[in-house]
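Read the structure below first, then the notes.
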Amino acid sequence: MPDDDSRPSYRVRTAADLADLASDFPEDATPLARATEHSLLVREGTRLRPPLPRPASTRIFVVANQKGGVGKTTTTVNVAAGLAQFGQRVLVIDLDPQGNASTALNVEHRRGVPSTYDALVDGQPLTEVVASCPDVANLWVVPATIDLAGAEIELVSVVAREGRLRTAIHGHPWVGDAASAGEERFDYVLIDCPPSLGLLTLNALVAGEEMMIPIQAEYYALEGLGQLLETVDMVRKHLNPDLAVSTILVTMYDARTRLAAGVAEEVREHFGDQVLKTSIPRSVRVSEAPSYAQTVMTYDPGSPGALSYLEAAREIATKGAPA
């Protein structure tokens, strides 16, 4: 922990800072008016800001942390919605049997609906299991059903079981570069993993090129991170040498406490530029949104949580893929 008189050597970007960023709204608009106009823009599928440049080829992110409750699924769906608002074409693959990402993105995921289970276990093409998100333009979802809970057992005896998801993703005609996939290509694929290091998460790590790790701004959240990074090193050595931890996002950040500042500084000391400048504040609105089958980007677009996730998405898009 830092001493009472010390300060972090860097400045975490807070929601208050983000609210002051340049926007398309009149300067004299009230916060309610800004939030209302923002909400209308999102729901109409209109870009909140000018589109960001598209990556040259599809960037495949694995969003993982075996510790539960760190904001992994929340980060997946809100970063995806933020990227879509910036004009990117985004696919979310729900790999968690609980189906929370599918709930937040308002896609059907009852038993029997085409899902990640069908792609992993039965080898069904992703084109047959993708659903479009009804609330955000340019956002598609491969939902997860409860059937996925048994997938790890069913895959044990399958040949090359660790590469099933990779095969499915690269078999989609919209995954690739401009030459192979055209203008309809996905710019981003975000894989939401279960809170464990089992066969489902291993499939995601083999399929991905970049890894995004949400870390809660509490010291307990740092425990177990070493185990996760050891797993990443093992996957990189034996199964997927292209996997890189490119993005770390501090979530549930409370700017009023020294604890949060200390954790954020420690994470930055260890990981440097991999840590996004933007942190995600603790927010009731972020927590409420999934109960209305929405991301916070559509549930309360003017809230600090939505503004923070929007800026995190912009950071990810402008930083680009690691060399």
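Worth pointing out:
- Among residues of region 39-66 that are within 30 Å of Ser196 (Cβ to Cβ), those with a Cβ under 6 angstrom from a residue that is at pLDDT below 90 and outside any loop (DSSP other than H, G, I, E, B), sequence gap 6+ or separate chain, pair up as Gln66/Leu228.
- Among the residues of region 90-104, just one is surrounded by fewer than 24 Cβ atoms within 10 Å (Cβ to Cβ) and among the hydroxyl-bearing types (Ser, Thr, Tyr), namely Thr103.
- Helices (runs of 4 or more DSSP H) wholly inside region 226-323 containing at least 2 residues that are modelled with pLDDT of 90 or more: 284-288, 296-299, 304-319
- Of Val92, Val136, all but one fail to be within 23 Å of Thr58 (Cα to Cα), out of contact with any Asp or Glu (no Cβ under 6 Å at 6 or more places or on another chain), assigned to a loop (DSSP other than H, G, I, E, B) and not aromatic (Phe, Trp, Tyr); the exception is Val136.
- Once region 189-206 is narrowed to residues that are touching a residue at least 60 places away in the same chain (Cβ under 8 Å) and touching a Lys or Arg at 6+ places or on another chain (Cβ under 8 Å), the residue that is farthest from Ala131 (Cα to Cα) is Pro195.
- Here Arg185 fulfils each of the conditions (1) in contact with a Phe, Trp or Tyr (Cβ under 7 Å, 6 or more places away or on another chain); (2) over 20 Å from Phe61 (Cβ atoms) apart from (2).
- Exclusive hit being in a helix (DSSP H, G or I) and buried (at least 18 other Cβ atoms within 10 Å of the Cβ), set Gly82, Gly150: Gly82
- Region 153-179 - residue that is among the hydrophobic types (A, V, I, L, M, F, W, C), in contact (Cβ under 8 Å) with a residue 60 or more places away in the chain and over 11 Å from Leu200 (Cα atoms) and, of those, surrounded by the fewest Cβ atoms within 10 Å (Cβ to Cβ): Ala178
- Positions within region 105-137 being over 11 Å from Asp147 (Cβ atoms), among the polar types (S, T, N, Q) and buried (at least 17 other Cβ atoms within 10 Å of the Cβ), in sequence order: Asn106
The values are calculated or read from the model by the stated rules, or taken from the named source; none is laboratory data. Computed from a predicted model, the values in this text were never measured in an experiment. Counting neighbours? That spans all protein chains shown, and the Cβs are built from the backbone with ideal geometry, glycine included.
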